[in-house]
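A.B. asks: Would you mind keeping the following structure in view while I ask a few things?
The values are calculated or read from the model by the stated rules, or taken from the named source; none is laboratory data. None of these values were measured; they are calculated from a predicted model. Cβ: placed from backbone, ideal geometry, glycine included. Neighbour counts: every protein chain shown.
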């Protein structure tokens, strides 16, 4: 067999094994619940006979091991049992929501992956210039922001019409140049050369806007952007472009959060690569810099970049939960959070299994792709 | 193991050779002075972002420590009408129950940061100890611990936390008259255990490189116990990467707990907490009012500050120069 095929099969087996162990953990969560599940559903008023009959109906009278295999067998075929809270089939609850969540995640990925790879590559090529420093500060800040912070800022600026969108951006740019100026002043340059008046002015405007936003002394007339809905109303029959428009803000939030991670990791991977001796050799023999990048660096950078992309797509899975709640997006994350609040353990279990399976699958694909682009990884030391 | 390391005569014994000991004793003092100079120079040359980070962290610590003095009203005190606009009495307005927003923000510095810090410390004690244990003992202990960690890490943290919190909260909900602190304790323990897997991985990797050093082997040959080797030989040499990691883990835990509180599953009311404050006041955002952004911004600012400082520390320790 081809070595890559046998490696892929091995990884697949390992992934399935992990998934099996994870499913045992998820299943045992129900076993760890206090008291009797049947009693819980029927309430304290139920007679012992009804409870016993209901236990039989749910299959609770069988030993846990047997129930585990029944549950797993059902789950593989898409049958997760019934919800405790609404008594509906979990598969019905999940089917359209799973599609919605996948749509949102792929929308975000389509925006985020090209942007972050290009920007990461540029930051690595022009490292230690002002461009790289700006990218560094911006991405570090954006990593530090909770998803709901980014989401509410976007709602304020793009959905409910808070004015001065452009001035905010100018204020941020001004603040940035001010910091650059102070930096070069500390490095010993003359102040007249480096502190232009315009950025300082913008910075003052930006600071004033932040203070006014917090205290709200002066009420600006509304008149900003209201182009996008702050609540993502999506029904099964919504046409594609309407769907895109309605899920634009959640997708943009996810993109902003994930891009920062992806860009930093791409930059680090490329810088690491550019330090290797064969790149230096190519440079020393006078090769055109772009040729060095395209023919020497890029083929070897594929493995780390694929890894970065997969790790961050897996990260999207968790980010999606918070973002769906903010925008009331009818997805799997929203369902899971609602079920945790209602302590509807069977639905929580099912969602958890789907999320974990996706996560494991993405990591598996990343592994296999990374190894197939870099044969050296086939033979670990 | 080579023959020379096996030979006891090549091991320098400080008791047998007092001159070696005095040289040892003199060396740290010189090293300390130069270290002090080095640290002060490093601070002077720190980039603006690092300074911004350190000053911000200092302000947060100050606010958290002196919260009762700084806050104009009590943490749970209902002082006015719902959603009052900012005015001279309530500088940032009131929240959805008519509590003073500013006072809640100040008290939340104590609660939210305290809970995240406690979780990170527990996670480090647990993950760090087990990681060093796995590296030192190796063999089946290492295998078992590493496989457990692999499985725990194959479920996304937030998802696993949601599952574990459902079970824990059901248990607590069953008790007669449960104390609200029980929910917080469950949250801290669950998050600490989940996060300790990441600490375990890093500590194990760092300790693996130290365990193979000659001085660890020398300690083993001297017959030192396991705890001595972990505490005196491995820990001092692993602190530098672990401190930077502590900052990163704190940010991660802090953001995750805030996300859980925002989802209504973390810190329970009426405790003031930034994540749940965003949730409580979220409706205001559709009227173009920025109130939900204050607590969210407080979270973001602290995380940015810690990240800036950690970034600077990592940059310095990796030996990169501008």
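A.B. asks: Name every residue in region B:169-178 that is more than 9 Å from chain A (Cβ to nearest Cβ) and either in a helix (DSSP H, G or I) or in contact with a helix residue (DSSP H, G or I) (Cβ under 9 Å, 6 or more places away or on another chain) (or both), in order of residue number. Working first, answer last.
C.D. replies: Step one: list which residues in region B:169-178 are more than 9 Å from chain A (Cβ to nearest Cβ), which gives B:172, B:175-178.
Answer for region B:169-178, where residues must be more than 9 Å from chain A (Cβ to nearest Cβ) and either in a helix (DSSP H, G or I) or in contact with a helix residue (DSSP H, G or I) (Cβ under 9 Å, 6 or more places away or on another chain) (or both): B:172, B:175, B:178.
A.B. asks: Additional query: On the basis of being in a helix (DSSP H, G or I) and more than 26 Å from the chain's Cα centre (by Cα), does residue B:140 make the cut? Explain how you work it out, then say what you get.
C.D. replies: Details: in a helix (DSSP H, G or I): yes; more than 26 Å from the chain's Cα centre (by Cα): yes.
Answer is yes for this residue.
A.B. asks: Among (1) at pLDDT below 85; (2) out of contact with any helix residue (DSSP H, G or I) (no Cβ under 8 Å at 6 or more places or on another chain), where does residue A:84 come up short?
C.D. replies: Condition not satisfied by residue A:84: (2).
A.B. asks: Quick check: anything in region B:292-299 facing chain A (nearest Cβ under 7 Å), farther than 21 Å from residue A:334 by Cα and under 21 Å from the mean Cα position of the chain (by Cα)?
C.D. replies: Yes: region B:292-299 contains one or more residues that are facing chain A (nearest Cβ under 7 Å), farther than 21 Å from residue A:334 by Cα and under 21 Å from the mean Cα position of the chain (by Cα).
A.B. asks: Just wondering, is there one or more residues in region B:243-251 that are part of a helix (DSSP H, G or I), within 23 Å of the chain's Cα centre (by Cα) and either facing chain A (nearest Cβ under 9 Å) or at positive phi (or both)? Full working, then the answer.
C.D. replies: Restricting attention to region B:243-251, the residues satisfying the condition of being part of a helix (DSSP H, G or I) are B:243-251.
From the residues that got through so far, the ones that are within 23 Å of the chain's Cα centre (by Cα) too are B:243-251.
Checking the rest, the ones that are also either facing chain A (nearest Cβ under 9 Å) or at positive phi (or both) come to B:251.
So far as region B:243-251 goes, yes, one or more of its residues are part of a helix (DSSP H, G or I), within 23 Å of the chain's Cα centre (by Cα) and either facing chain A (nearest Cβ under 9 Å) or at positive phi (or both).
A.B. asks: Another question about this same structure. Take the conditions within 11 Å of chain A (Cβ to nearest Cβ) and crowded, with 20+ Cβ neighbours inside 10 Å and apply them to residue B:303. Does it pass?
C.D. replies: On the way: within 11 Å of chain A (Cβ to nearest Cβ): yes; crowded, with 20+ Cβ neighbours inside 10 Å: yes.
So residue B:303 passes the test.
A.B. asks: Identify the residue in region B:46-71 that is surrounded by fewer than 13 Cβ atoms within 10 Å (Cβ to Cβ) and modelled with pLDDT under 90 and, among all such residues, is farthest from residue B:113 (Cα to Cα).
C.D. replies: The residue in question is B:69.
A quick yes/no check of all residues on (1) within 13 Å of chain B (Cβ to nearest Cβ); (2) in contact with a strand residue (DSSP E or B) (Cβ under 7 Å, 6 or more places away or on another chain); (3) under 30 Å from residue A:375 (Cβ atoms); (4) surrounded by fewer than 15 Cβ atoms within 10 Å (Cβ to Cβ):
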| position | (1), (2), (3), (4) |
| --- | --- |
| A:73 | no, no, no, yes |
| A:76 | no, no, no, yes |
| A:103 | no, no, no, no |
| A:113 | no, no, yes, no |
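Residue-wise test of (1) surrounded by 17 or more Cβ atoms within 10 Å (Cβ to Cβ); (2) modelled with pLDDT of 90 or more; (3) not in a helix (DSSP H, G or I).
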position	(1), (2), (3)
B:229	yes, no, no
B:234	yes, no, no
B:239	no, no, no
B:257	yes, yes, no
B:260	yes, yes, no
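A.B. asks: Of everything in region B:281-291, what is more than 7 Å from chain A (Cβ to nearest Cβ) and assigned to a loop (DSSP other than H, G, I, E, B)? Give them in sequence order.
C.D. replies: Matches in region B:281-291: B:281, B:289, B:291.
A.B. asks: I would also like to ask the following. Restricting to helices (runs of 4 or more DSSP H) lying wholly in region A:1-60: which have 1 or more residues that are within 13 Å of chain B (Cβ to nearest Cβ), modelled with pLDDT under 80 and more than 16 Å from residue A:352 (Cα to Cα)? Walk me through how you get there before you give the answer.
C.D. replies: Numbers: elements: A:3-31, A:37-42, A:48-58.
Helices (runs of 4 or more DSSP H) meeting the threshold: A:37-42.
A.B. asks: Which condition breaks for residue A:371 when tested against (1) within 10 Å of chain B (Cβ to nearest Cβ); (2) buried (at least 18 other Cβ atoms within 10 Å of the Cβ); (3) in contact (Cβ under 8 Å) with a residue 60 or more places away in the chain?
C.D. replies: For residue A:371, the failing item is (1).
A.B. asks: If you don't mind, another one. For region A:78-90, check the following and say yes or no: at least one residue is surrounded by 14 or more Cβ atoms within 10 Å (Cβ to Cβ), in contact with a strand residue (DSSP E or B) (Cβ under 9 Å, 6 or more places away or on another chain) and over 30 Å from residue A:251 (Cα atoms).
C.D. replies: yes
A.B. asks: Just to be sure I understand, how many residues within region B:103-126 are surrounded by fewer than 18 Cβ atoms within 10 Å (Cβ to Cβ) and within 14 Å of chain A (Cβ to nearest Cβ)?
C.D. replies: 0
A.B. asks: From the set of residues in region A:235-247 that are touching a residue at least 40 places away in the same chain (Cβ under 8 Å) and under 13 Å from residue A:104 (Cβ atoms), which is surrounded by the most Cβ atoms within 10 Å (Cβ to Cβ)?
C.D. replies: Here the residue is A:247.
A.B. asks: Exactly one of these conditions fails for residue B:184: (1) under 30 Å from residue A:335 (Cβ atoms); (2) within 14 Å of chain A (Cβ to nearest Cβ); (3) assigned to a helix (DSSP H, G or I). Give me its number.
C.D. replies: It fails just one condition, (2).
A.B. asks: Being surrounded by fewer than 16 Cβ atoms within 10 Å (Cβ to Cβ), away from chain A (no Cβ under 14 Å) and in contact with a helix residue (DSSP H, G or I) (Cβ under 8 Å, 6 or more places away or on another chain) is the filter here, so list the residues in region B:72-95 that pass it.
C.D. replies: Across region B:72-95, the qualifying residues are B:72, B:74, B:77.
A.B. asks: Considering only residues that are facing chain A (nearest Cβ under 10 Å) and surrounded by fewer than 24 Cβ atoms within 10 Å (Cβ to Cβ), which ones fall in region B:264-280? Steps first, answer last, please.
C.D. replies: Initially, region B:264-280 is screened for residues facing chain A (nearest Cβ under 10 Å), giving B:264-265, B:274-275, B:278-279.
Of everything in region B:264-280, those that are facing chain A (nearest Cβ under 10 Å) and surrounded by fewer than 24 Cβ atoms within 10 Å (Cβ to Cβ) turn out to be B:264, B:265, B:279.
A.B. asks: Same structure again: Check off (1) in contact with a helix residue (DSSP H, G or I) (Cβ under 8 Å, 6 or more places away or on another chain); (2) more than 30 Å from residue A:378 (Cα to Cα) for residue A:15 and give me the number that stays unchecked.
C.D. replies: Result: residue A:15 passes all but (2).
Rundown of residues vs (1) under 15 Å from the mean Cα position of the chain (by Cα); (2) within 13 Å of another protein chain (Cβ to nearest Cβ), yes/no style:
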| residue | (1), (2) |
| --- | --- |
| A:299 | no, no |
| A:309 | yes, no |
| A:315 | yes, yes |
| A:318 | yes, yes |
